[in-house]
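See structure below.
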Amino acid sequence: MSKKLGIIAGGGDIPKALIERCKEQKRDYFVVAIEGNADKNLITDDVPHIWLRIGQAGTGFKKLAEEKVEEVVMIGTIHRPSFKDLVPDLRTTAFFAKLGIKSIGDDGILRALVKELEGEGLIVRGIQEVMPEILIREGVLGKIKPSKQAMADIERAVQVATELGRLDVGQAVIVQQGLVLGVEGIEGTGELIRRCGTYRRKGEGGVLVKIRKPQQDMRIDLPTIGDRTVVAAKEAGLSGIVLHAGNGLIANEKETIKLANKYGLFVMGINPDKFREALS
């Protein structure tokens, strides 16, 4: 019998897909929904859950223990917290004191959180361990294919994204006609796309490329897109979206690809190593 699963849920549709999978498999689960991030319409009354601020780690650990959770998946987007969100309980204060400045950066904090969870006797799993089919496959996924210019822009974006990843800056880059329009910072992919829409040049639209950081733990914060990414890309005049094959996720893949086809955008999974080899 599968161990009881704790779902630490951020934003987006993937937490709901994981909840549905647990229901289908009749697997016991409990959701820790992060306030200001998890979708209230997706966490319904029939779902065993608790809503917590980011700063309420102590309550979260206590609740997971009370619920006899043994395995944990952290999934969904987390927006930069407000001051109110960050007001810490004693457990969170101790966590940040122990973290210090050496782990500045999103990945550093997430890796420290994984260690904290493991220190509580919990097994941290990646979403792909529970839903292996969710990882994007290599190749063009819809009806639209990238042009020669788009392929050149993808190559350039992989080069830039790789360096960003090593510095733990972000996962996403937008390149148009060889020019880097923007790189992902603390604002997230959606804001990156909207910002770059104001910088676009005439002619063929740019491409959004999201790849996993070289040092990134596969259990946390995998590159993700969904229908909202497609809508933002269309509004910004992009020609397509590229994701790290075998390392990235598409929320509601069937519907997302259908929408991309409607808007004339290509969606593609790539192996970044192939592009890096071409550059070497």
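Values in this text are rule-based calculations from the coordinates and carry no lab data. All values reported here derive from a predicted model rather than from experimental measurement. Methodologically, a virtual Cβ is constructed for each residue, glycine included, from the backbone with ideal geometry; neighbour enumeration extends over all protein chains shown.
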- Taking other Cβ within 10 Å of each residue's Cβ, how do Val140, Val69, Val130 sort, fewest first? Val140, Val130, Val69
- Task: Using the structure shown, select from Lys115/Lys274; Lys3/Lys254; Lys26/Lys213; Lys40/Lys234; Lys4/Lys115; Lys145/Lys202 the pairs with a Cα to Cα distance greater than 25 angstrom.
- Result: Lys115/Lys274; Lys3/Lys254; Lys26/Lys213; Lys40/Lys234
- Task: Return the distance in nm (one decimal) between the two label points of a simple spin-label model at Val140 and Lys3, each offset 7 Å from Cα along Cα→Cβ.
- Result: 4.4 nm
- Could you work out the mean projected area of the convex hull around the alpha carbons of the stretch 135-279, in square nanometres to one decimal? 7.6 nm²
- Note on the structure: Most exposed to least, judged by fewest other Cβ atoms within 10 Å, Tyr29, Tyr199 sort to Tyr199, Tyr29
- So what is the relative contact order for the chain, in percent, with contacts set as C-alpha pairs under 8 Å and at least six apart? 17 percent
